[in-house]
1. Give the average over all directions of the projected area of the C-alpha convex hull of the chain, one decimal, in nm².
2. Once amide H atoms are placed 1.01 Å from N in the peptide plane, what residues at a sequence separation of 5 or more from I29, or on another chain, have their amide H within under 5 Å of its amide H?
3. For S110, what charge total do you get from the other residues with a beta carbon under 12 Å from its beta carbon, if Lys and Arg give +1 and Asp and Glu give -1?
4. Mind listing the long-range amide H neighbours of R22? Cut-off is under 5 Å, sequence gap 5 or more, other chains count too, H placed in the peptide plane at 1.01 Å from N.
5. Can you pull out the trypsin sites (Lys or Arg not before Pro) in the range 31-123 that DSSP calls coil and that have at most 10 other Cβ atoms within 10 Å?
6. Taking the Cα centre of the chain as the origin and placing charges on Cβ (Lys, Arg +1; Asp, Glu -1), which of I55, F14, L76 is farthest toward the positive end of the dipole?
7. Report for the range 4-122 the percent antiparallel among DSSP-assigned beta bridges with both residues inside it, nearest 5.
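Every read-out reported here was derived from the displayed coordinates using simple, explicitly stated rules and does not represent laboratory data. For clarity, every value in this text was computed on a predicted model and none was experimentally measured. Positions of Cβ are backbone-derived with ideal geometry, glycine not excepted, and every protein chain shown enters the neighbour counts.
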Amino acid sequence: MLKKSFRLRSYQAFIATYRQKRIVSDENITLYGGKNKETEQDYPTRVGFVVSKKIHKRAVKRNRIKRLMRESYANLTKESQIKEAQNFQSLIFIANQGALEKNYKEICSSVKNLVQLLATKYI
């Protein structure tokens, strides 16, 4: 589980990240990136995970997708496989319809590829 210091919590933080319009996506997840950091040591990158009711009406299914995305992001940052994520102030992962049937490995590879794609596109 991510600590509170690593989570996007306020509505204004989500809106500010959406306004940057730095978007990459695949069939499972859409990733929004916030502003670039001046230095990496200032503060941690804040991350938000969103699953709409349009994806599935049952909260159990929506929470499962959020758990998978959250766990894959946490493990990838712990293993330093996505160092590029530390270049952004905030990231928002939004699940697409294709994420419902995916397992942990597929979500993990999708998260990793999207963060790397975002970094190469906007850094």
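1. Values: hull surface 28.6 nm².
Averaged projected hull area, Cα only: 7.1 nm².
2. When sequence neighbours closer than 5 places are left aside, the close amide H contacts are N96.
3. Details: positive: K102, K105, K112; negative: D26, E27, E106.
Local net charge: 0.
4. G33
5. Numbers: sites: K35, K37, R46, K53, K54, K57, R58, K61, R62, R64, K66, R67, R70, K78, K83, K102, K105, K112, K121; in loops: K35, K37, K53, K54, K57, R58, K102.
Passing sites in the range 31-123 are K53, K54, K57, R58.
6. Working it through, the farthest residue towards the positive pole turns out to be I55.
7. Working: 10 of 16 bridges.
Antiparallel bridges make up about 60 percent of those DSSP assigns within the range 4-122.
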